[in-house]
Amino acid sequence: MDKIYDTIIIGAGPAGLTASIYAKRAMLDFLILEKWLPGGEIANTYEVENYPGINYVSGAELADKMIEHTKQLGVDITLESVEKVDFEGDIKTIVTDRNTYFTKTVVIATGASARKLGAPGEQELSGRGVSYCAVCDGALFRNKVVAVVGGGDVAVEDAIYLSRVAKKVYIIHRRDELRAAKKEQEKMFAIDNIEPIWDSVVESFNGQDLLHSVTIKNKKTNAISELELDGVFVAIGMNPNVDYLQGAVALDEGNSIITDSLLETSAKGVFAAGDVRNTPLRQIVTSVSDGALAVSMLQKYL
């Protein structure tokens, strides 16, 4: 058999990067794999105000700081996409698009991706007026009319960010109150060019080559209306990135990985950290905490 690592960390977002820092300090023989670019979803976050010790920082800056920290410790991030895994037995197998690796333990830290509405026209107009990242695409809609769909923290943060570049921002929510943190709600409601559309859902995205409107249904009155827009930003939550696992660990009804209090999954020696697991709070600080705990627990397992 080829080389056997002490652990392999899958994913280089806040959870995976923290895990790599702790693995390096523990002098473990490990590998960290990342499908795209290191940093995770925080790189797409406009501003972070709730990370202890840092009053304000952009998501991209914080991601860069974490990546730089790992580099200074001598951690090398391997850019390969995991395609399948085998967690049976004491030695686990991880197959990427380039190599096959063997390891005694695993930390799954692949995070989550933006959830789609599934309404007609959404897929066809994705990248043509429909977006899932306000920070990435907001500048394209300077002085235009846009909408955010959702009612959580991300939706409100997106609306605030977009209000600085767009002429008008609607926030479309299926209920009559938001779920976002009260402080962020207060900040948003104080902005003149943001207007909420309550009790409503998007029925379809309309346009040929580019989005020109959305069809909206009021859930209380069943009234149908059309709202002309240049862009729509969908912010209705995240789907855990677990497709490659193919039943290797137990998932809950939302496809999040089920872990015990010590972050071990249903597969012995396999731990999950960050947004990919069934956690009641998905924040940078909780992902960082998970990354540290996962490595501490796998050390005991080893």
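The values are calculated or read from the model by the stated rules, or taken from the named source; none is laboratory data. These figures come from a predicted structure and were not determined experimentally. A quick note on method: Cβ atoms are made from the backbone with ideal geometry, for glycine too, and the neighbour counts reach across all protein chains shown.
Just one of the listed residues (A147, A159) is out of contact with any helix residue (DSSP H, G or I) (no Cβ under 6 Å at 6 or more places or on another chain), surrounded by 14 or more Cβ atoms within 10 Å (Cβ to Cβ) and not in a loop (DSSP other than H, G, I, E, B), namely A147.
Here V154 meets the list (1) in contact with a helix residue (DSSP H, G or I) (Cβ under 7 Å, 6 or more places away or on another chain); (2) closer than 29 Å to P280 by Cβ almost entirely, failing just condition (1).
If we scan the stretch 118-131, do we find a residue that is under 20 Å from G40 (Cα atoms), in a loop (DSSP other than H, G, I, E, B) and of a type in the set (A, V, I, L, M, F, W, C)? Scanning the stretch 118-131 turns up no residue that is under 20 Å from G40 (Cα atoms), in a loop (DSSP other than H, G, I, E, B) and of a type in the set (A, V, I, L, M, F, W, C).
Among the residues examined, V85 does not qualify as at pLDDT below 95, touching a strand residue (DSSP E or B) at 6+ places or on another chain (Cβ under 6 Å) and assigned by TED's automatic domain parsing to the domain that holds L263. Here the strands (runs of 3 or more DSSP E) wholly within the stretch 187-274 that include at least 2 residues being farther than 25 Å from M297 by Cβ are 194-197, 200-207, 211-218, 224-228, 231-234.
Would you check which residues across the stretch 247-292 are of a type outside the set (A, V, I, L, M, F, W, C) and either in contact with a strand residue (DSSP E or B) (Cβ under 6 Å, 6 or more places away or on another chain) or assigned by TED's automatic domain parsing to the domain that holds D153 (or both) and list them? Selection gives N255, S256, T259, E264, T265, G269, D275, R277.
You will find that of A112, A26, the residue that is closer than 21 Å to V295 by Cβ, in contact (Cβ under 8 Å) with a residue 24 or more places away in the chain and crowded, with 17+ Cβ neighbours inside 10 Å is A112 and no other. For first residues located in the stretch 190-206 and exposed (fewer than 14 other Cβ atoms within 10 Å of the Cβ), partners that are part of a strand (DSSP E or B) and modelled with pLDDT under 95 and lie 6+ apart or on another chain with Cβ distances below 8 Å do not occur. For K183, state whether it is of a type outside the set (G, A, S), more than 30 Å from Y22 (Cβ to Cβ) and not in a loop (DSSP other than H, G, I, E, B). Answer is yes for this residue. Sub-7 Å Cβ pairs linking a first residue in the stretch 254-265 that is under 14 Å from G291 (Cα atoms) and free of Cβ contacts under 8 Å to residues at least 60 places away in the same chain to a second residue that is β-branched (V, I, T) and in a loop (DSSP other than H, G, I, E, B), at least 6 apart or interchain, are T259/T265, ordered by first then second residue. Inside the stretch 47-80, residues that are within 23 Å of K24 (Cβ to Cβ) and either of a type in the set (V, I, T) or in contact (Cβ under 8 Å) with a residue 60 or more places away in the chain (or both) make up a count of 9. Contact map, the stretch 269-287: first residue within 23 Å of S58 (Cα to Cα), second residue among the basic types (K, R), Cβ cut-off under 6 Å, separation 6 or more or different chains; pairs are D275/R282. Residues in the stretch 255-291 that are crowded, with 21+ Cβ neighbours inside 10 Å, in contact with a Gly (Cβ under 9 Å, 6 or more places away or on another chain) and of a type outside the set (D, E, K, R): A273, G274, V276, I284, S287, V288, G291. The residue that is nearest to T93 (Cα to Cα), among those in the stretch 221-241 that are surrounded by fewer than 21 Cβ atoms within 10 Å (Cβ to Cβ), of a type in the set (A, V, I, L, M, F, W, C) and under 18 Å from the mean Cα position of the chain (by Cα), is M238. Being in contact (Cβ under 8 Å) with a residue 60 or more places away in the chain and not assigned by TED's automatic domain parsing to the domain that holds I9 is the requirement here; does L210 meet it? Criteria met by L210.
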